[in-house]
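**Q** I have a structure I would like to understand better, so I am pasting it below and will then ask my questions one at a time.
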Amino acid sequence: MNSTTHLPISTFNVYNSVTHDCLATLTNVTEKDIEAMISAAVIRYHIPSTGQERQQMLVALHEQLTEYRYELATIISKESGKTLSDALAEIDYANQYLAWFAPLAESMDEPIEVADKIEVWREPVGVVGAITPWNFPCAMIIRKLAAAIAAGCPFVVKPSELTPLTALKIKMYTETAGWDKGWFAVLVSNQNAAVGQRLTTDPRIAKFTFTGSTRVGKLLNAQCATSLKRVSLELGGNAPMLVLADADIELAVTQCVANKQRGTGQTCVAVNRIYVAAAVADAFTQALVEKVNALTKGDPLHPDTQVGHMITLDAANKTHNRVQQAIAQGAKVLCGGTYQAGSSYYPHTVLSHVQHDDDVVCDEIFGPLYPIITIDDAGLTNDAVIQRMLKCANDTQAGLAAYVFSRDKNVILQSQRQLQYGMVGCNTAVLGNAAAPFGGIKQSGFGREGGRLGLDDFTHLKYIKPNA
Ligand code: SIN
């Protein structure tokens, strides 16, 4: 038992992001609850299970998410402010990971290598502790959970205190799907530091995984070091989008807006700064403003609404302050930019005349802003323009996602090699795919979620030398 945490009995409210009505009052987990959940996970870890059994668990949860898709999407939309269609897309995204990892569970029942009288086996690393964010209340839990269960690791998660109702529903679906309780526990709490401390320092938790800010990720990583846990961190981004003079402008604009519609720009892979070659800057900007203006606004729960709300009033207010700061630094607002105090709605806002070293470019925006930086290409070769853009793109401590738009295969090839990011979208700005290893480099963290190697972070290797 960890004596440093202090978690007395208390409650907290969960609010509707749009109406600000109280959706529920929940009781914070106590030290005793956490102890019971971790102990149950440890017991579960030591009970042998086959890959086939765990595959069936993932398939059964997939069925639940499919059957209750609208019920869950409505909860996600209310808690997070995202549109119903965005919430439905999030559930489909989560389900991709369940479908992806289900067959991989069986691969745990075989050695991964047999060579020259040796065998190499993957083994489940142990109980996994996780902290997940509010921007994907369902998909960020499921992406980690699916890999953990496929590997054979019981999973203890603390969801964001802003969106715990989705997590509790997922827990309920696992029970309906017949999962043994020890496989999955949800720690509901708004005592973030104390619960975080508990999950990162309990020696029975073998692996810790976090999606959230770089600042918090560094603190949690330091705490994990005391018991040498396996750690994976998916942290903040500052995604550049490069639009070359030969780019398909309509495609670039469509992709850019689709990227920012996800979670109303509140994602780690959101386009944060748009570098456009001067030759196409006017055409791109005009098309972007038209596209943004054409988005359907309204109640996020209405199926036709295309623009979500932000997670809190504070988030909307901060976004407005960023716009004011950008204006003070010389930016021009081409659409949006107006804010009604007391609302969590902030309009998609296109900013031109932005410079590479403005605050709105250097900081992670986490909101529906589109800062356009025009790259002067007069008298420059195509190669010199792309080098200038790549230099700007890499001029950050973040390294999660980057996007490049050009019709020239060589430019695409050169960009994908030189961009210092874990993920590069070439003529696309929507990356999510269960077959892909999602994750960053530099201060965007380490570890990968999804893909063929997605079990790596939840397993260790054992080399066996059979008796000759
Ligand atoms: C994130 O914002 O943390 C995840 C985004 C994604 O999976 O696309």
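**Q** Among the candidates ILE91, ILE118, ILE149, which residue alone is under 20 Å from the mean Cα position of the chain (by Cα), in contact (Cβ under 8 Å) with a residue 24 or more places away in the chain and either surrounded by fewer than 23 Cβ atoms within 10 Å (Cβ to Cβ) or within 16 Å of the ligand (Cβ to nearest atom) (or both)?
**A** ILE91
**Q** Go through the range 259-281 residue by residue and tally those that are more than 14 Å from the chain's Cα centre (by Cα) and within 22 Å of LEU390 (Cα to Cα).
**A** Total satisfying the criteria: 10.
**Q** Given the conditions (1) under 26 Å from the mean Cα position of the chain (by Cα); (2) closer than 22 Å to PHE155 by Cβ; (3) not in a loop (DSSP other than H, G, I, E, B), which single one is not true for TYR403?
**A** Checking TYR403 against (1) under 26 Å from the mean Cα position of the chain (by Cα); (2) closer than 22 Å to PHE155 by Cβ; (3) not in a loop (DSSP other than H, G, I, E, B), the one that fails is (2).
**Q** Filter the range 268-298 for residues that are of a type in the set (Val, Ile, Thr) and within 16 Å of the ligand (Cβ to nearest atom); which is farthest from GLY432 (Cα to Cα)?
**A** VAL271
**Q** Same structure again: In the range 438-457, which residue that is buried (at least 17 other Cβ atoms within 10 Å of the Cβ) and closer than 23 Å to LEU390 by Cα is nearest to the ligand (Cβ to nearest atom)?
**A** Step by step, filter the range 438-457, then rank; the result is PHE438.
Just so you know, all these numbers are worked out from the coordinates, no wet-lab data involved. Values in this document were obtained by computation on a predicted structure and should not be read as measured data. Backbone-built Cβ (ideal geometry, glycine too); neighbour counts: all protein chains shown.
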